[in-house]
Amino acid sequence: MDWIQLRKDRLEVYYPTDREIEEAQNIYQQVSDIVSREFDLKTELVGSVSRRTFISGRGDIDVFVLFQDELDEKELDQRGLEVGRKVFRELGGEHHIEYAEHPYIQGRLNGWKLEIVPCYSVESGVLKSSVDRSPHHSRWMRDNLTERQKEDIVLLKQMLDSAGLYGSSLKTRGFSGYLCELLVYQYGDLRSLLQNVQGWSREMRIDPAGVDTGHGFESEFVVVDPVDPERNVAAVLSEDNLARFMLLASDFEREPSADFFEEVDRQPDRLAVKKEIERRREILALEFDIPDEPEDVLYPQMRRLQSKLVTTLERKEFRVFESGFYIGDRARLVVEVDSDRTGVAGRRGPSVFHDPGHIEAFRDSHSKLYVENSRLMAREQRELTDVRQVIKRFSESDSNGVPDGLDSRLRQMCFVDPKSGDEDWFKFLEQLFHLENRWEK
Ligand code: CTP
Ligand code: MG
């Protein structure tokens with residue numbers, strides 16, 4: 001389809017209307033008046049609503065309350081919550097506390113999500129906490145984005161969202177709204193971005209505002225924050241999600257179509273998943289209660305648990321093919337293993353280049369030695385031949401490296417039939433078995 005037409009069509013669906021903007025402004029004004037009257041504090045509208053880069057119908061009104069930077073952090077937390085609660089008491093609407101680096105109040109008002117976030121009013125060079133950047137982001141974007149770029153940003157967000165790649169939570173590990181804005185700004189428009197993405201190398205350092213100081217970052221894909229050169233805006237983006245975006249972009253460039261913006265809410269193909277389970281090696285699913293933690297804490301913990309379990313199984317000489325986890329009402333961890341029960345295994349000893357003392361000790365306590373990858377090994381009868389027993393032992397071990405809150409739930413785990421579960425469970429298995437990839441159109 002012709003891009004000019006396609007772009008126009010999609011903008012009619014996803015670009016925020018004037019009415020929406022007015023409504024949001026209106027709510028912001030009411031909030032601002034209350035905060036100024038009751039607390040004598042200044043506020044600022046930040047985030048995508050402040051710059052018209054949100055997906056129509058899905059905007060959240062992010063109001064930041066600016067506190068003097070002498071205030072200590074405990075006081076900031078407490079006063080911030082007080083202000084948030086007061087706003088909702090006056091305007092009505094259900095609300096609750098959310099936790100980021102600092103707690104804040106989030107709720108709903110006339111169909112909008114409204115967030116009241118405390119931050120320090122500081123110059124961009126002397127940021128005290130990570131939220132302090134947001135007002136600076138808003139100002140920078142207001143000064144630098146063109147109308148056309150704002151439209152393209154909305155389309156990019158929608159495209160990423162429908163591919164499951166939008167959002168910087170530690171659950172999704174995708175593209176944040178601010179990252180989308182910077183990418184469109186950097187390449188001028190959406191099409192140039194999508195064309196350029198295909199040639200990205202593993203190591204990328206994008207510096208949209210030309211402020212890079214050469215600061216070292218952990219990840220190889222870096223987008224330097226215009227208001228804080230020591231922050232990588234893409235820090236949360238996982239390497240796999242970056243790769244998926246690169247493929248998505250090349251798919252789109254081959255044949256642009258409205259499909260790339262569609263929300264897919266398909267029923268999972270249960271039968272296909274069940275057949276796949278039959279076809280695979282042994283699929284084990286263990287289930288346990290979820291600790292009461294925010295997603296940004298829980299998801300990294302589950303990833304750690306998954307990798308610890310896989311390592312444990314591999315140490316016991318089980319080959320692991322796929323592994324993953326699912327969070328529904330309870331948590332489920334899945335592994336696909338080759339559960340051969342020959343009962344013979346190789347025990348790993350030290351590298352032959354290691355301290356001679358260690359090598360001596362290993363030789364004294366083991367027989368039937370051999371060498372593999374320059375490491376001393378001993379042929380042994382497998383201590384536990386049943387993979388389920390190995391998993392059970394792992395779940396009950398005090399030294400399995402799993403964080404406490406999660407570990408106490410894991411101890412109560414049980415094995416469940418992977419062929420039974422709700423719709424989301426089957427969607428999850430479709431992804432795990434690569435039967436369905438949302439980013440592939
Ligand atoms: N922010 C950030 N990095 C993140 C998340 C948020 O810098 N990983 C800052 C940005 O300044 C962002 C603001 O917090 O504009 C509000 O965050 P959020 O509402 O999550 O993103 P938006 O940019 O408003 O995008 P949208 O709401 O449309 O998803
Ligand atoms: Mg927002």
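Read-outs: derived from the displayed coordinates by stated rules, not from any lab. Bear in mind that the values here come from a model prediction, so they are computed numbers and not experimental data. FYI the Cβ positions are ideal-geometry reconstructions off the backbone, even for glycines, and counts take in every protein chain you see.
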Would you pull out the residues with amide H under 5 Å of Phe67's amide H, same chain only if 5 or more places away, H placed 1.01 Å from N? Cys119, Tyr120, Ser121
Counting only C-alpha contacts under 8 Å and six or more residues apart, can you give the relative contact order of the chain as a whole percent? 12
Charges on Cβ only, +1 for Lys and Arg, -1 for Asp and Glu, centred on the Cα centroid of region 125-265; of Ala163, Ser130, Phe252, which one is farthest towards the dipole's positive end? Ser130
Gaussian network model of the chain, springs between alpha carbon atoms under 10 Å - residue of Pro256, Pro229, Pro403 with greatest fluctuation: Pro403
Leading residue at positive end of dipole, region 294-441 (Cβ point charges), from Leu369, Phe394, Phe428: Leu369
Residue (of Ser339, Ile277, Gln306) at the positive-pole extreme of region 237-347, dipole from beta-carbon charges: Ser339
Considering amide H positions built from the backbone, and no H for Pro or chain starts, which residues 5 or more places from Arg280, or on another chain, come under 5 Å of its amide H? none
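Send over the Kirkwood Rh of region 28-115, from the inverse of the averaged 1/r over different Cα pairs, rounded to one decimal Å.
Working: mean 1/r = 0.0745 Å⁻¹.
This gives a value of 13.4 Å.
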What relative contact order, as a whole-number percentage, does region 177-245 give when Cα pairs under 8 Å and 6 or more residues apart are counted? 24
May I ask you to list the aspartates and glutamates whose Cα is less than 16 Å away from that of Lys441, ignoring any residue fewer than eight positions away on the same chain? Asp161, Asp251, Glu253, Glu255, Asp259, Glu262, Glu263, Asp265, Glu430
Here region 433-438 yields Karplus 3J(HN,Hα) values (6.51, -1.76, 1.60; θ = phi - 60°; whole Hz; Gly and Pro given as x) of 8, 6, 7, 9, 10, 5
A 25 angstrom limit on the alpha carbon distance is what I want to check against. Which of Lys157/Lys275; Lys42/Lys113; Lys113/Lys150; Lys86/Lys171; Lys275/Lys427 exceed it? Lys157/Lys275; Lys86/Lys171
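Which value in deg cm²/dmol, rounded to the nearest 500, describes the helix-derived mean residue ellipticity at 222 nm for the chain, given -39,500 (n - 2.57) per DSSP H run of n ≥ 4 and division by the residue count?
Working: 15 runs with 188 residues, N = 441.
Helix contribution divided over all residues of the chain: -13500 deg cm²/dmol.
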How large is ³J(HN,Hα), in whole Hz, for each residue of region 139-151 in order, when computed from phi with the Karplus curve 6.51 cos²θ - 1.76 cosθ + 1.60 and θ = phi - 60°, using x for Gly and Pro? 5, 5, 5, 4, 7, 10, 8, 8, 4, 4, 5, 4, 4
Residues whose built amide H sits under 5 Å from the amide H of Ser351, excluding neighbours closer than 5 in sequence, are Leu376
So how far, in whole Å, is the C-alpha centre of region 350-382 from the one of region 231-290? 42
Just tell me which lysines come within less than 27 Å, Cα to Cα, of Lys368; anything on the same chain fewer than 8 places away is out. Lys316
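Give, in nm to one decimal, the length gained when the segment between Glu263 and Asp240 is fully stretched (0.36 nm per residue of separation minus the Cα-Cα distance). Each step should come with its number before you reach the end.
Values: separation 23, 0.36 × 23 = 8.28 nm, distance 2.10 nm.
Here the segment from Glu263 to Asp240 would lengthen by 6.2 nm.
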Total charge dipole magnitude, region 302-348, about the Cα centre, Cβ charges on Lys, Arg, Asp, Glu only, Debye to nearest 20: 320
Once Gln186 and Ala209 are pulled to full extension, the length gained, defined as 0.36 nm per residue separation minus their Cα-Cα distance, is 7.4 nm
Taking springs between alpha-carbon atoms closer than 10 angstrom, which of Pro350, Pro135, Pro208 fluctuates most in the Gaussian network model of the chain? Pro350
So how strong a dipole does region 202-243 carry about its Cα centre when Lys and Arg Cβ are +1 and Asp and Glu Cβ are -1, to the nearest 20 debye? 80
Relative counts (whole %) of C-alpha pair distances in region 150-259, using bins that are 5 Å wide: 2, 13, 23, 27, 21, 10, 3, 1, 0
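Sorted from fewest to most neighbouring beta carbons within 10 Å, what does the list Asp207, Asp355 look like?
Exposure proxy ranking, most exposed first: Asp355, Asp207.
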Does region 259-303 come out rounded, prolate or oblate, given a ≥ b ≥ c as the square roots of the eigenvalues of its C-alpha gyration tensor, rounded meaning a/c under 1.5 and, failing that, prolate meaning a/b above b/c? oblate
Relative contact order [Cα under 8 Å, 6+ residues apart], region 262-390, whole percent: 22
Of the candidates Val344, Val335, Val352, which one comes out as most mobile in a Gaussian network treatment of the chain with C-alpha springs shorter than 10 Å? Val352
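Rounded to the nearest 20 debye, what is the charge dipole size of region 230-382 about its Cα centre when +1 sits on each Lys and Arg Cβ and -1 on each Asp and Glu Cβ? List each step's numbers first, then the result.
Working: 26 positive and 32 negative charges, 240 e Å.
That gives a dipole near 1160 debye.
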